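Just below is one structure, and these are the notes that go with it.
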Amino acid sequence: MAKGPKVTNRLEPGDEAPDFTLDDADGKPFTLSSLRGQRVILYFYPAAMTPGCTKESVDFEGALPDLAESGVAVVGVSPDAPAKLAKFKERDGLTFPLLSDPDRQTLQAYGAYGEKKLYGKVTVGVIRSTFVIDAAGRIEKAYYNVKATGHVARVRRELAL
């Protein structure tokens, strides 16, 4: 078992969202439960400053005013180091928290790391995923293997935001 398990532990609506503390782009600890009491869109992406991840993150930034008005916070997580996240935020004008998960423990807790198909080949890596977490800290919606383009619009539509 050199590559790890084939099946990731996928979360479903009603499951408790695993709490975590990760460093943000400034190297400061950020804890998910600090947002308890409001809805949260938590998304996992493979790598900062790549075309798909940039598209998805910029789309979330564009939706931020409407989401904030509806009381929804946005948080992004990738395996990137805080310094790279800081460059990503600055380059693309991102204002919501981007968190660093270099050991991939949080990614694994959400089932957002494991085997995936990339250009027909099976690889192990970050599975682009998004979770809507309710004010009580439970999974409201879980989206796995999402496409970067059009995803934010889909989430907004399904949440009527």
Open item on the list: Residues that are touching a strand residue (DSSP E or B) at 6+ places or on another chain (Cβ under 7 Å), in a strand (DSSP E or B), among the acidic types (Asp, Glu) and at pLDDT below 95: does the stretch 107-124 have at least one?
Closed with: yes
- [ ] For Gly52, indicate whether it is within 15 Å of the chain's Cα centre (by Cα), buried (at least 18 other Cβ atoms within 10 Å of the Cβ) and either under 28 Å from Leu118 (Cβ atoms) or free of Cβ contacts under 8 Å to residues at least 60 places away in the same chain (or both).
- [x] no
- [ ] Could you check, for the stretch 82-98, whether at least one of its residues is within 22 Å of Gly114 (Cα to Cα) and assigned to a loop (DSSP other than H, G, I, E, B)?
- [x] no
Open item on the list: I'm trying to understand the selection: among the residues of the stretch 148-160, which are part of a loop (DSSP other than H, G, I, E, B) and touching a residue at least 60 places away in the same chain (Cβ under 8 Å)?
Closed with: Ala148, Thr149, Leu159
Open item on the list: I'm checking my understanding of the structure. Among residues of the stretch 98-113 that are of a type in the set (Gly, Ala, Ser) and buried (at least 22 other Cβ atoms within 10 Å of the Cβ), which one is nearest to Pro29 (Cα to Cα)?
Closed with: Ser100
- [ ] Could you identify the single residue in Leu11, Leu42 that is outside any loop (DSSP other than H, G, I, E, B), hydrophobic (A, V, I, L, M, F, W, C) and either under 15 Å from the mean Cα position of the chain (by Cα) or buried (at least 20 other Cβ atoms within 10 Å of the Cβ) (or both)?
- [x] Leu42
TODO: Answer yes or no as to whether Lys84 is modelled with pLDDT of 95 or more and farther than 30 Å from Ala160 by Cα.
DONE: yes
Task: First in the stretch 35-48 and of a type outside the set (A, V, I, L, M, F, W, C), second anywhere and assigned to a helix (DSSP H, G or I) and crowded, with 18+ Cβ neighbours inside 10 Å, Cβ under 8 Å, 6 or more apart - done: Tyr43/Glu56; Tyr43/Phe60; Tyr45/Cys53; Tyr45/Glu56; Tyr45/Ser57; Pro46/Cys53
- [ ] Considering each residue of the stretch 64-78, count those that are in contact (Cβ under 8 Å) with a residue 60 or more places away in the chain and either surrounded by 18 or more Cβ atoms within 10 Å (Cβ to Cβ) or in a strand (DSSP E or B) (or both), and give that number.
- [x] 2
- [ ] For residues that are of a type in the set (Lys, Arg) and part of a loop (DSSP other than H, G, I, E, B), scanning just the stretch 23-39, find the one that is surrounded by the fewest Cβ atoms within 10 Å (Cβ to Cβ).
- [x] Lys28
Open item on the list: From the list Gly14, Gly37, Gly52, Gly93, exactly one residue is modelled with pLDDT under 95 and over 16 Å from Arg156 (Cβ atoms). Which is it?
Closed with: Gly52
Open item on the list: Just the residues that are surrounded by fewer than 20 Cβ atoms within 10 Å (Cβ to Cβ) and closer than 17 Å to Val40 by Cα, please, taken from the stretch 114-138.
Closed with: Asp134, Ala135, Ala136, Gly137, Arg138
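The values are calculated or read from the model by the stated rules, or taken from the named source; none is laboratory data. Remember, predicted model here, so these are calculated numbers, not experimental data. All Cβ positions, even for glycine, are placed from backbone atoms using ideal geometry, and neighbour counts span all protein chains on display.
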